[in-house]
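One structure is given below, encoded as structure tokens.
The values are calculated or read from the model by the stated rules, or taken from the named source; none is laboratory data. Small disclaimer: the values here were computed from a predicted structure and weren't measured. Please note: Cβ atoms are built from the backbone with ideal geometry, for glycine as well, and neighbour counts cover all protein chains shown.
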Amino acid sequence: MSSAKHIETTSDVTRFRGVWVGALVAAISCVVIALTMGRGGASQGGPGPLSRTHSEAGLGCNDCHEDNKSAPAKCDTCHQGYQSLRAPHASLVASGVLLCQSCHQGHAGDEGVQRAADGTVTRYAGRSVAMPAPSARVAGLTAFVPIIPAGQCSQCHKIDSPQDPIAACLMASEKSLGPWRATLCFDEHVSVGGIRDANWEMARHAVATTARPSRRARETRTGPLSWLGMGGLAGLGMLGLLRFRSSGARGRKHDEPILRAPAILRLPIINSGTCLGCHACVDACPFDVLEIRHYVAVVARPAACCGLTLCEQRCPNGSLTMGDGTEIKDAVSLRDSLQAEHAPGIYLAGDATGLPLIRNAINQGAHAMRSLQSELGGRNEECEFDVVVVGAGPAGISAALEAKALGLRYVVLEQGTVAGSIQSFPRAKLVFDQPLELPLIGNLWLEESTKEELLARWLRIVRSEKIDVREGVRVSDIDAKSDGSFEVRSLSEEGDASVIRTQRVLLAIGKRGSSRKLPIEIPDEASHRVFYSLADARAFAGQRVLVVGLGDVAMEAAIALSRQPGTEVTISHRGPDFSRGKARNIEEVQRRIQAGAVDLRMQSTVASISQGSVTLTSPKGETRVPCDGVFVLIGTSPPKDFLTRVGVLPNTADKENET
């Protein structure tokens, strides 16, 4: 009988010892921070460093404090004859309720405007200083004009009430600052006139033209709890570092690019026995894969899942985990170089590979071009180009930039326009919020970028780098030659055919393919009123529009159009009911119908389109609908047939014949 196998010594069965190192670092950090912060009057929960004016006057703690007690009313030692000129304030001062310290902070809480001897004007809050405020310089004069935050007055005044007298001292533009709004009544202690009046105007101008500067963390009140907090953060940082090192950095690094889609589709696996039905996973999924049915989360649309783990991260009790689902059908077989397994010499990048996200497309485009260049060998002078890039989306532009950097002869063929997939996004759509690395360009950072910002950046790059892009050219076929080169056949929008000889081809096309057209003839006078995507709904304000289709894209377009002032929206759907689409889109369309903003024509099809109207046919007969624009959003023809024709996808019919 063989003995049982011993448990391997791994981090799963042994205690992590790095916690002691983290605790030691935290303790040492607390001591060091306490000793450091104890200097300058900030120790033991003190009020922090002296204010800017007191510090520049050379004052110390003993000038105001005796025997380490609270500061007595010693302000008159330096500030004499500054009694309040307002009767209500003067009565509060006489009764001892209102002190100098009630308005003026002697330590880091002070704010104001300073004019230096050289005439430079700055607005300050504690030690922090804003950018110099534009103002006329008066050389040789110095001045400090204190600014009292409105919060100091809130015990007696209602700072948000326009009827309160303090409203005359506040700027409407600073209302969003709340208690940090600046009070501009500088005549509290002295009458108007002379150089003081000029200083006050200088201060008002600085407040109006300069944003309130933020305070530095060093000037906040720092006590023992703060030391413990900062020491604890240092300890946790060391603990996390040691934990990461001890794990051997298992798994893929976050910054390591993903180049190929997985062969198995990852799908959420939900334990219905423990699911709370809390909607956390449903709200986290950006693709509406999940729904709540009978108080339990279910995978409603598995085909829309991109394998993101947001749903798993948001589940409060671990009822949802990401696991392997079914094998991805019609997946393109690719080598590590992104060369098609069944079509040597043809490379792929972007959505056609089955890998979503703009960042992945950019990485694929550059990687495929580098692989292509290394496998190309010598230059074939009989070929016009070294590589033809099909598609001018993120993957295609990235590939073209890399080709230019490598010195390759290239051209980009695009059936629509540059970044057409991005142009089809709805107006102001949030695209991504992560850094991208573009060849020749470097980091392309657009935090919380909208469609318009990203599109403008793409077009600027294409122009500045002078990328050879031929728009309005649709590739119809790719013929492989005996010497390993290719003939790329294409058609222009005008119907002109052309053939390009190239050594290699890079397909940077999307999964959507070409937009499906209506099975009717559209007259020339009405063709300019037929659209296959919606880029800007505002352009159709006050018009009568017809949306053909009732999928997600069609519903989102109808919703956006119906929100424009004066726009009349009609939806034509050939089915009897909502057959597909995201739940939130269906609910919103139904709300728009009930509000009278959308007219839904079920079981209807477009019979004809003329200038100014559309004829719909239904079981009830034909109906003429006045129309200024038609949006045909009935889906797209996926590029499966094209990929099969050029050899990237195996021909299933041939396989069936073989069997």
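Residue-level analysis places PRO149 among those that are under 38 Å from the mean Cα position of the chain (by Cα) and modelled with pLDDT of 80 or more. Condition test on CYS315, is it touching a Cys at 6+ places or on another chain (Cβ under 9 Å) and modelled with pLDDT under 85? It is false that CYS315 is touching a Cys at 6+ places or on another chain (Cβ under 9 Å) and modelled with pLDDT under 85.
Tell me, which residue of the range 197-215 that is assigned to a loop (DSSP other than H, G, I, E, B) and out of contact with any Gly (no Cβ under 7 Å at 6 or more places or on another chain) is modelled with the lowest pLDDT? Only one residue fits best here, namely SER214. In the range 125-143 there is at least one residue matching the filter, namely being of a type in the set (Ser, Thr, Tyr), touching a helix residue (DSSP H, G or I) at 6+ places or on another chain (Cβ under 6 Å) and either modelled with pLDDT of 80 or more or surrounded by 12 or more Cβ atoms within 10 Å (Cβ to Cβ) (or both).
Counting the residues of the range 513-541 that are under 19 Å from GLN564 (Cα atoms) and among the polar types (S, T, N, Q) gives 1.
Please enumerate the residues belonging to the range 101-121 that are under 42 Å from the mean Cα position of the chain (by Cα) and of a type in the set (Ser, Thr, Tyr). The one that is under 42 Å from the mean Cα position of the chain (by Cα) and of a type in the set (Ser, Thr, Tyr): THR120. Just the residues that are within 23 Å of VAL462 (Cα to Cα) and either part of a loop (DSSP other than H, G, I, E, B) or not assigned by TED's automatic domain parsing to the domain that holds ARG474 (or both), please, taken from the range 349-393. Result: ALA349, GLY350, PRO356, LEU357, GLU384, GLY391, ALA392, GLY393.
Restricting attention to the range 375-398, the residues that are more than 12 Å from ALA508 (Cβ to Cβ), in contact (Cβ under 8 Å) with a residue 12 or more places away in the chain and out of contact with any strand residue (DSSP E or B) (no Cβ under 8 Å at 6 or more places or on another chain) total 0. Checking each residue in the range 569-606 for being part of a helix (DSSP H, G or I) and either touching a Cys at 6+ places or on another chain (Cβ under 9 Å) or free of Cβ contacts under 8 Å to residues at least 40 places away in the same chain (or both) picks out ASN585, ILE586, GLU587, GLU588, VAL589, GLN590, ARG591, ARG592, ILE593, GLN594. Among the residues of the range 607-649, those identified as within 30 Å of HIS342 (Cβ to Cβ) and part of a strand (DSSP E or B) are THR636, SER637.
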